[in-house]
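Undergrad: Have a look at this one before I ask anything.
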Amino acid sequence: MPSWTPHKLANPLTGQIELKVGAKCEAIIDLPGVPAGTRGKVMLVNGFNRLRYWVHFENGVDVGQLDGAHIAPVTKKQAKPKPE
């Protein structure tokens, strides 16, 4: 069951990503103050017609109004290896 249901009058975008608060993500393009590849954590999820996210990135920059064109989820397989 999806965690977000668009409003019945909305036309949501196809192929949008669905993240929850606290999910880890990664910038897939350069953003203001955030180079591509920087990881972050979803702080807020909102949207009427499409899901948008506020993300706190590892370099200390917070950026809002992000969607699947800007960020991608980080899976456990992509997690950074632990230092030995």
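Undergrad: Please identify the pairs in which a residue from region 59-73 that is within 12 Å of Thr38 (Cα to Cα) and aromatic (Phe, Trp, Tyr) has its Cβ atom under 8 Å from the Cβ atom of a residue that is at pLDDT below 95 and in a strand (DSSP E or B), counting only partners at least 6 apart or on another chain.
TA: Taking only residues 6 or more apart or on different chains, not a single pair turns up.
Undergrad: I'd like the residue in region 34-50 that is assigned to a loop (DSSP other than H, G, I, E, B) and not basic (Lys, Arg) and, out of all such residues, is farthest from Glu18 (Cα to Cα). Don't jump to the end; show me each part of the working.
TA: In the first step, residues of region 34-50 are kept if they are assigned to a loop (DSSP other than H, G, I, E, B); the result is 35-38, 47-50.
Filter once more, so that each one left must be not basic (Lys, Arg): 35-38, 47-49.
Details: Pro35: 22, Ala36: 20, Gly37: 19, Thr38: 19, Gly47: 11, Phe48: 14, Asn49: 13 Å.
The selected residue is Pro35.
Undergrad: Within region 61-84, which residues are among the β-branched types (Val, Ile, Thr) and modelled with pLDDT of 90 or more? Quick ask: steps written out before the conclusion?
TA: Of region 61-84, the ones among the β-branched types (Val, Ile, Thr) are 61, 63, 71, 74-75.
Listed by number, the residues that qualify are Val61, Val63, Ile71, Val74.
Undergrad: Considering only region 51-74, how many residues are of a type outside the set (Val, Ile, Thr), part of a loop (DSSP other than H, G, I, E, B) and under 10 Å from the mean Cα position of the chain (by Cα)?
TA: The qualifying residues number 5.
Undergrad: Gly47 fails exactly one of the following numbered conditions: (1) surrounded by 14 or more Cβ atoms within 10 Å (Cβ to Cβ); (2) at pLDDT 90 or above. What is the number of that condition?
TA: (2)
The values are calculated or read from the model by the stated rules, or taken from the named source; none is laboratory data. Computed from a prediction, not measured in an experiment: that's the story for all the values here. Neighbour counts are summed over all protein chains in view; Cβ atoms, including those assigned to glycine, are modelled from backbone coordinates with ideal geometry.
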